[in-house]
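Note sheet for the following structure.
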Amino acid sequence: VSDEADRQRARGGLRQTLRGLDMLESNLQSCSDPQLAETLRKIQRRKARQSVPFLNWLRLGGESARFSSLASDASTDLPAQFLEKRPEHGAGGAMVLDRLEVTPALVRLKIQRPAGFDFKPGQSAKIGLAGLKRRYSIASAPHEDFLEFFIELVPGGDMSERLRSVSRGDRLTLDSLSGSFLLNEKFSTHLMVATVTGVAPFISMLRHAFTGPESRRDRRFILLHGASYQNEFGYRNELEGLAVAHAERFIYMPTVSRPEEPANTGWPGERGRVGTLVQPTIDTRQLEPASTCIYACGHSGMVDDVAARLGGQNFTVRREVYD
Ligand SMILES: Cc1cc2nc3c(=O)[nH]c(=O)nc-3n(C[C@H](O)[C@H](O)[C@H](O)COP(=O)(O)OP(=O)(O)OC[C@H]3O[C@@H](n4cnc5c(N)ncnc54)[C@H](O)[C@@H]3O)c2cc1C
């Protein structure tokens, strides 16, 4: 891990590059000369490409993805979404910027963040598509200029089936933020428990805490993340990176509930249902109700199980149930 002064210099340089990219974008929009436009695009791609290793070094997952999608676009035209201004909230819908298939049943969707669409880490938004609306937790952080969601495509589910075919350039509507599943600021230690996509609000909270402008050093986080299979941890690289970069303040413990299955061959981490890790974590890390808030998010079975296991221990527990 590098010296803080190096990191600050790198952050300053990246902020400058971002400003440069934004200026290039606005120049491109007003440019009528095709040759000049092509030159501007080339510069934009080169700048983005140069910044990716830097961002990876700083472990700024979200920004890195933004640069990567610019840098890896080898075609002569940049994707239209980068040339389009942020849409007004509610006007025509927000465009899908990127779709990452974690598994055939799990997608990370990145969409435009409409102007004025403000939220707090942990909140969820209603996404609308073809006349149907469903609520999804926002995985991106408030300082990021896009919105990100981590979605399970439930077989036969009305929205899931619609989302299965959504791709870059499609539009979704966004409304009705909801949000009591927020970080409880009274506590210094935060024990987060998630099943698969239930990690989404925690990604937002952790990006906010570690890469946001208001990052605070007096908070400690432990994330217990459960899934059936090892390929379902959609943010494993980012979370393991954070755990290395902030070893004193963040612990990431993914666990697979079906360790014997061939798909989990070679799994190096914890085994068993995520709920079973809660009490051992409390005991070994000596977590106290006075300083620790516990959060459980995802399938109701896990959320109820965690609440039951904590019964009578006086911990403050916040819950978000998806099904
Ligand atoms: C506050 C909140 C935040 C949410 N955030 C997320 C999120 O970040 N990511 C995400 O993937 N989902 C999230 N959900 C769940 C999401 O809103 C939908 O319920 C889910 O996508 C299924 O919708 P559907 O229309 O495809 O299925 P439906 O047609 O509504 O339901 C089909 C069947 O699937 C069952 N079902 C519903 N949800 C699930 C599920 N998650 N797993 C298994 N079975 C289910 C239903 O009980 C029903 O039997 C959240 C829900 C809430 C209330």
Once Arg9 and Asp158 are pulled to full extension, the length gained, defined as 0.36 nm per residue separation minus their Cα-Cα distance, is 48.8 nm
Of segment 169-194, those with amide N under 14 Å from the point 7 Å along the Cα→Cβ vector of Arg135 are 175-182
Once both label points are put 7 Å beyond Cα along the C-beta direction, the Ser228-Arg216 separation in nm becomes 3.9
If each K or R counts +1 and each D or E counts -1, the residues other than Ser300 whose Cβ falls under 13 Å of its Cβ total -3
Listed with the fewest Cβ neighbours within 10 Å leading, Ser257, Ser32, Ser180 appear as Ser32, Ser180, Ser257
When Phe233, Phe202, Phe119 are ranked with the fewest other C-beta atoms within 10 Å first, the list becomes Phe119, Phe233, Phe202
Whole-Å distance linking the alpha carbon centroid of segment 176-235 with that of segment 94-117 is 19
Distance in nm between Val317 and Asp304 label points, each 7 Å along Cα→Cβ, equals 1.2
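All of the numbers you see were taken from the coordinates with simple rules; none came from a lab. Quick caveat, the model's predicted, so the values are computed rather than measured. We place every Cβ from the backbone using ideal geometry, glycine too, and count neighbours over all the protein chains shown.
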